[in-house]
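Trainee: Please find one structure pasted underneath; my questions will follow.
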Amino acid sequence: MSQSRQITTSKTGVPIIAIVALAIVFVAGLFIVGFDQGHIFSVVYGEQAFEDLYIHELTHDMRHAAGFPCH
Amino acid sequence: MRTSLFLLVVLISGAIAGLIWGSANFVLVEPYLDEAIGIENQNLFASGEEEDTLEFWVEYEGYRTWQKGGQILAGVILGTSIGALYGIVFAFSRNSLPGNNNIKKGLILASIMWFTIFLIPFLKYPANPPTVGEGETVVLRAILYLSFIAISGFSALGFYKLSKVFQGKKKLVALAGYAVFISAIFLVMPENPDEITAPMELVNGFRIMSVVAVSSFWIAIGLILGLLWNRFKPNREISTFND
């Protein structure tokens with residue numbers, strides 16, 4: 001008769017895929033809140049996005065409060 | 001390490017800490033932003049760029065509502081982003097961090113990162129409210145600010161790694177090395193090129209509240225990630241064997 005055994009092991013290795021995913025989240029989030037001046041929406045709306053500045057306005061107050069240069 | 005669980009713990013911690021940050025800004029920093037934008041509006045009227053009309057105020061209320069509401073969402077996005085960086089560093093340094101549980105380890109790492117990538121850069125390039133800052137210098141200021149953050153963060157990491165070579169007082173070597181290096185960088189890096197034209201009482205009040213709000217994020221991320229790591233232990237893998 002077979003028995004199942006569970007062994008819990010603690011591993012220190014950090015998966016590369018997780019590091020890559022977190023690095024992408026870090027860079028993307030930092031750019032959106034800290035630096036976008038219409039760049040992201042310009043992919044869809046073209047030059048008009050640099051006039052509308054939707055993300056800039058959305059993140060405006062956090063940008064100032066977090067110390068990023070805003071305008 | 002269980003990848004999905006690790007990612008969930010890190011991203012949820014960052015998002016919640018970011019929500020706390022955005023909310024703290026909403027309560028603490030927002031009154032200073034309103035005051036600064038009020039001065040900006042008066043300057044626009046005085047220079048003739050805008051007219052003090054009902055139409056102006058309707059448009060103003062519209063975008064200020066968008067900006068104020070956006071602060072919370074931006075807090076969640078930025079919190080998740082910085083939380084991702086914090087999660088990477090935590091995963092690599094957890095075994096080296098002092099403390100007998102993950103909450104202590106989380107708070108110690110948060111305090112180190114708060115000091116090196118927030119407080120030191122903030123002392124050189126402090127946050128400014130609207131009305132301070134020229135549009136023509138925004139790219140230069142962004143480069144200076146980001147560069148200082150990167151130099152401070154990487155040098156802290158570098159001196160920590162370097163200190164491992166030395167026997168005995170490793171912490172002292174890392175601290176002294178970082179202190180000397182970052183002091184030199186502090187003196188060498190150019191100043192913010194823009195003149196402060198707003199009342200200093202307003203600017204200082206804004207800066208103090210900004211520090212309090214950012215600090216709330218770092219305390220929150222250390223606590224939350226430590227709690228979630230204790231609860232879910234993403235570093236532990238369960239293997240099942242059949243005899």
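Each reported figure results from applying straightforward, stated rules to the coordinates on display, with no laboratory input. These numbers were taken from a predicted model, which means no experiment stands behind them. All Cβ positions, even for glycine, are placed from backbone atoms using ideal geometry, and neighbour counts span all protein chains on display.
Trainee: With only Lys, Arg, Asp and Glu charged, each at its Cβ (+1 for the first two, -1 for the last two), find how big the charge dipole of the protein assembly as shown is about the Cα centre; round to the nearest 20 debye.
Mentor: It comes to approximately 3400 debye.
Trainee: Provide the per-residue ³J(HN,Hα) series for region B:190-202, in order, calculated from phi with Karplus coefficients 6.51, -1.76, 1.60 and θ = phi - 60°, each as a whole number of Hz, with x at glycine and proline positions.
Mentor: Each residue's phi maps through the Karplus curve to give x, 6, 4, x, 8, 7, 8, 9, 7, x, 5, 4, 5 Hz.
Trainee: Nearest 500 deg cm²/dmol is fine: what mean residue ellipticity at 222 nm does chain B get from its DSSP H runs of n ≥ 4 alone, each adding -39,500 (n - 2.57), divided by its residue count?
Mentor: -25000 deg cm²/dmol
Trainee: Now for a different question. Give me the net charge of residue A:68's neighbourhood, meaning all other residues with Cβ under 13 Å from the Cβ of residue A:68; Lys, Arg count +1, Asp, Glu -1.
Mentor: Net charge in that neighbourhood comes out at 0.
Trainee: If we count every other residue with Cβ under 15 angstrom of residue A:59's Cβ, Lys/Arg +1 and Asp/Glu -1, where does the sum land?
Mentor: So the environment of residue A:59 carries a net charge of -2.
Trainee: What is the projected area of the convex hull of the Cα atoms of region B:21-162, averaged over all directions, in nm²?
Mentor: 10.7 nm²
Trainee: Moving to a separate point now. How far is helix B:3-24 tilted off the main Cα axis of chain B, in degrees rounded to 10, range 0 to 90?
Mentor: 30 degrees
Trainee: Right, here's the next one. Binning every alpha carbon pair distance of the protein assembly as shown at 10 Å from zero, what are the percents per bin?
Mentor: It works out to 6, 23, 31, 22, 11, 5, 2, 1, 0, 0, in whole percents.
Trainee: While we're on this one: Nearest 10 degrees, 0 to 90: what angle lies between the long axis of helix B:138-163 and the longest principal axis of chain B (Cα atoms)?
Mentor: That works out to roughly 20 degrees.
Trainee: Please list B:129-140, B:222-233, B:78-89, A:35-46 highest first by mean number of surrounding beta-carbon atoms within 10 Å per residue.
Mentor: B:78-89, B:222-233, B:129-140, A:35-46
Trainee: Still on this structure, I have one more. Where a Cα-Cα gap under 15 Å defines reach, which aspartates and glutamates qualify for residue B:124, not counting those fewer than 8 residues away within the same chain?
Mentor: Cα-Cα hits under 15 Å: B:191, B:194, B:195.
Trainee: List the lysines whose alpha-carbon lies under 19 Å from that of residue B:170, not counting same-chain residues fewer than 8 positions away?
Mentor: Result set, ordered by chain and number: B:105, B:161.
Trainee: Using Cα atoms only, what is the angle between the long axis of helix B:170-188 and the major principal axis of chain B, expressed in degrees (0 to 90) to the nearest 10?
Mentor: The angle comes out at about 20 degrees.
Trainee: For chain B, just say rounded, prolate or oblate: build the C-alpha gyration tensor, square-root its eigenvalues into a ≥ b ≥ c, call rounded for a/c under 1.5, and beyond that prolate if a/b exceeds b/c, oblate if not.
Mentor: oblate
Trainee: Considering only DSSP states other than H, G, I, E and B, which GluC sites (Glu not before Pro) in region B:13-64 qualify as loop sites with at most 11 other Cβ atoms within 10 Å?
Mentor: Hits after loop and neighbour filter: B:49, B:51.
Trainee: Take the alpha carbon atoms of region B:183-208, find their center, do the same for region B:42-62, and report the distance between the two centers in whole angstrom.
Mentor: Centre-to-centre (Cα) distance: 28 Å.
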